[in-house]
Amino acid sequence: MEARVSSGVLTKTQSPFLSPLRGRKLQSLRNMSTLPNTIHNHQFSNASLYLRSTFSSRTHGFKQAIKDDSREFELSSLTALSPLDGRYWGKVKDLAPYMSEYGLIYFRVLVEIKWLLMLSQIPEVIEVPSFSAEAQSYLLGLIDGFSMDDALEVKKIERVTNHDVKAVEYFLKQKCQSQPEIAKVLEFFHFACTSEDINNLAHALMLKEAMTKVMFPTMDKLVEAICKLAKANASVSMLSRTHGQPASPTTLGKEMAIFAVRLSRERQEISQVEMMGKFAGAVGNYNAHIVAYPTVIWPQIAEQFVTSLGLKFNPYVTQIETHDYMAKLYYAIIRFNNILIDFDRDIWGYISLGYFKQQITKAGEIGSSTMPHKVNPIDFENSEGNLGKANEDLTYLSMKLPISRWQRDLTDSTVLRNMGGGLGHSLLAYKSALQGIGKLQVNEARLSEDLNQAWEVLAEPIQTVMRRYGVPEPYEKLKELTRGRAVTKESIREFIEGLELPEEAKTHLLKLTPHSYVGAAVELAKTVDSAVNVINGSEVLETCR
């Protein structure tokens, strides 16, 4: 199912925000003027008094300016409490049709209408006869044509009812009064339903559509970008660092391939999480259903209805769907995010070492406000920061949502309104990482320079060949040669030539360099697409092609 949003719906002034916070006025940051140059260190106490008095007077004036401002700090991208709905709106707004309150209302409308259509197909429910094609088309048109104005009308009704799901029911009754067939059965909207029968399905559909339409495509682009980075640099030798110290060489491409495979594996795990739904009434027993129509096998009807929406049926519930699948989904996303944090930090480190340069892609873009030579790795830092915020939000959702007192309490209701935050910060992080990857330029000269200064890494292959041919104490002899000493190409060659080894083995060792001692790294990087495709089985990602 797809949320159908007209092109005029998602505007800056009428945005379905991702955060539930809707403050009309904001406490803005206060600016203070700098202290006079005459204040010196020995006048610190006087400076503090000056600071406080200046702050107090300026703050009073600022408050008055807000009070007098005719705009009254209406909600906008500048006044939104969440940066997802403000500064970063352009990067996360694709989630809005699904994860906003607009999305929640839309899917509630969809569920209510689909349930009425289901009732019309149950022979025992004679009071709701099968609808004509015209009536069915009318009902489906309410879903397909659902607009921002419709959502605002629901909110207007809610101001009277003080109940959001009941407002949807009343909205639909108003909309259907003019259709003769449907007007006869208006009271069968929301028949035998508790609010959570509608809400849990709406939430599941919100998540399913957001993941399918927005999150998965962006995750796939990220895996694809890293795959391309891996294959393009499959043969670019690089000094490894274990514990921060020079270690056996690898290739830049193989290290990138590791992340592509790890992320792909977690992406596949996320896609396997089944969105679940219930439709069993006030406490999960079909109490009202059975009293009204005792001969109908309601658990079977409920399962047919839930699965018809593309969801997995959960037969054992209280008033609410237990949210266990949500916890599973969010923990899977957290694992994906943790791997990307690892990637962001590694790339940050490689930039610091000079292995990557960063390309300024926009005219006039500033790398540092005071140091003109700098191009900071801000995209990877932004990604890392937002992944941390996302994981915090998703962790709380995962821990809280499966817990509900007895047959239900209301704590999940307000928490569920924050689902968009965790996904929004994740999406922002993925896009920041993608933007950063697009700026990377490999500095092969710097990579080569590090390798040329690390001939000691050949101690590993030399002592391993020595072991093969029975040379006594190979590790100890290489330790004496390399530990705490400067190792050069010449000293390594001299050591090899003095070994009692077969000429073929000695010749092979003499040909080794830190650049060539990379094992199977090149092949591993070049075949990363095959590894990704194996992980994804029949649902092969169109990556790395």
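The values are calculated or read from the model by the stated rules, or taken from the named source; none is laboratory data. Note that this is a predicted model, so its numbers are computed, not measured. So basically every Cβ, Gly included, is an ideal-geometry build from the backbone, and we count neighbours across all protein chains shown. Heavy atoms of the whole protein, side chains included, go into the accessibility calculation; ligands, DNA and RNA do not. Shrake-Rupley method; radii C 1.70, N 1.55, O 1.52, S 1.80 Å.
Being in contact with a His (Cβ under 9 Å, 6 or more places away or on another chain) and among the hydrophobic types (A, V, I, L, M, F, W, C) is a condition met by no residue of region 137-154. Annotation: Ala192 fulfils all but one of (1) more than 28 Å from Pro299 (Cα to Cα); (2) open to solvent by 20 Å² or more (accessible area, probe 1.4 Å); (3) more than 17 Å from the chain's Cα centre (by Cα); the unmet one is (1).
For region 259-274, does any single residue satisfy the condition of being within 30 Å of Trp455 (Cβ to Cβ) and at pLDDT 95 or above? Give the derivation first.
So the first thing to find is which residues in region 259-274 are within 30 Å of Trp455 (Cβ to Cβ), and the list is 259.
Right, trim to at pLDDT 95 or above and you get 259.
Yes, region 259-274 contains at least one residue that is within 30 Å of Trp455 (Cβ to Cβ) and at pLDDT 95 or above.
Listed residues Pro299, Pro249, Pro315; which is in a helix (DSSP H, G or I) and modelled with pLDDT of 95 or more? Give the steps one after another, and end with the answer.
Numbers: Pro249 fails: in a helix (DSSP H, G or I); Pro315 fails: in a helix (DSSP H, G or I).
Residue meeting the stated conditions: Pro299.
The residues of region 165-192 that are under 26 Å from Leu410 (Cα atoms) and part of a loop (DSSP other than H, G, I, E, B), listed by number, are Phe189, His190, Phe191, Ala192. Within region 308-336, residues that are touching a residue at least 60 places away in the same chain (Cβ under 8 Å) and at positive phi sit with their Cβ atoms under 6 Å from residues that are assigned to a loop (DSSP other than H, G, I, E, B) and open to solvent by 10 Å² or more (accessible area, probe 1.4 Å), at 6+ positions apart or across chains, in these pairs: His323/Pro402.
Is it true that some residue in region 443-452 is open to solvent by 30 Å² or more (accessible area, probe 1.4 Å), more than 30 Å from Thr212 (Cα to Cα) and modelled with pLDDT under 90?
From region 443-452, those open to solvent by 30 Å² or more (accessible area, probe 1.4 Å) are 443-446, 448-449, 452; that's our starting set.
Among the residues that remain, those that are also more than 30 Å from Thr212 (Cα to Cα) are: 443-446, 448-449, 452.
Remaining after also requiring modelled with pLDDT under 90: none.
No, every residue in region 443-452 fails to be open to solvent by 30 Å² or more (accessible area, probe 1.4 Å), more than 30 Å from Thr212 (Cα to Cα) and modelled with pLDDT under 90.
The residues of region 383-406 that are closer than 13 Å to Tyr331 by Cα and either modelled with pLDDT under 95 or of a type in the set (Val, Ile, Thr) (or both) amount to a single one, Thr395.
Just one of Leu423, Leu427, Leu451 is under 30 Å from Pro377 (Cα atoms) and in contact with a Pro (Cβ under 7 Å, 6 or more places away or on another chain); which is it? Write out each step before concluding.
Numbers: Leu423 fails: in contact with a Pro (Cβ under 7 Å, 6 or more places away or on another chain); Leu427 fails: in contact with a Pro (Cβ under 7 Å, 6 or more places away or on another chain).
After applying the criteria, what remains is Leu451.
Please specify each residue of region 257-296 satisfying the condition of being part of a loop (DSSP other than H, G, I, E, B), open to solvent by 60 Å² or more (accessible area, probe 1.4 Å) and within 30 Å of Leu229 (Cβ to Cβ). Within region 257-296, just Gln272 meets the criteria. Applying a threshold of 6 Å to beta carbon distances and a minimum spacing of six or more residues, or different chains, the list of pairs starting in region 399-427 at a residue that is more than 24 Å from Pro83 (Cβ to Cβ) and ending at one that is open to solvent by 20 Å² or more (accessible area, probe 1.4 Å) and assigned to a helix (DSSP H, G or I) reads Pro402/Asp324. Take the conditions (1) of a type outside the set (Asp, Glu); (2) buried (at least 17 other Cβ atoms within 10 Å of the Cβ); (3) assigned to a helix (DSSP H, G or I); Ser491 misses just one of them, which is (2). Just to be sure before I move on: is Tyr350 part of a helix (DSSP H, G or I), open to solvent by 60 Å² or more (accessible area, probe 1.4 Å) and modelled with pLDDT of 95 or more in the structure I sent? Taking the combined requirement at face value, the residue does not satisfy it. Contact map, region 465-493: residues that are modelled with pLDDT of 95 or more paired with residues that are of a type in the set (D, E, K, R) and in a loop (DSSP other than H, G, I, E, B), Cβ distance under 6 Å, separation 6+ or inter-chain. No pairs are found.
Residues in region 211-236 that are open to solvent by 20 Å² or more (accessible area, probe 1.4 Å) and of a type in the set (S, T, N, Q): Thr212, Ser235. Among residues of region 318-333 being assigned to a loop (DSSP other than H, G, I, E, B) and hydroxyl-bearing (Ser, Thr, Tyr), the one that is nearest to Leu263 (Cα to Cα) is Thr322. Note on region 391-441: among residues that are open to solvent by 10 Å² or more (accessible area, probe 1.4 Å) and aliphatic (A, V, I, L, M), the one that is farthest from Met211 (Cα to Cα) is Leu440. For region 151-164, state whether one or more residues are part of a helix (DSSP H, G or I), open to solvent by 70 Å² or more (accessible area, probe 1.4 Å) and aliphatic (A, V, I, L, M). Scanning region 151-164, I find at least one residue that is part of a helix (DSSP H, G or I), open to solvent by 70 Å² or more (accessible area, probe 1.4 Å) and aliphatic (A, V, I, L, M), so the answer is yes. Set side by side, the residues Met276, Met219 differ, and just one is touching a strand residue (DSSP E or B) at 6+ places or on another chain (Cβ under 7 Å) and touching a residue at least 60 places away in the same chain (Cβ under 8 Å), which is Met276.
Which of the residues spanning region 494-534 are open to solvent by less than 70 Å² (accessible area, probe 1.4 Å), in contact (Cβ under 8 Å) with a residue 12 or more places away in the chain and among the basic types (Lys, Arg)? Within region 494-534, none qualify.
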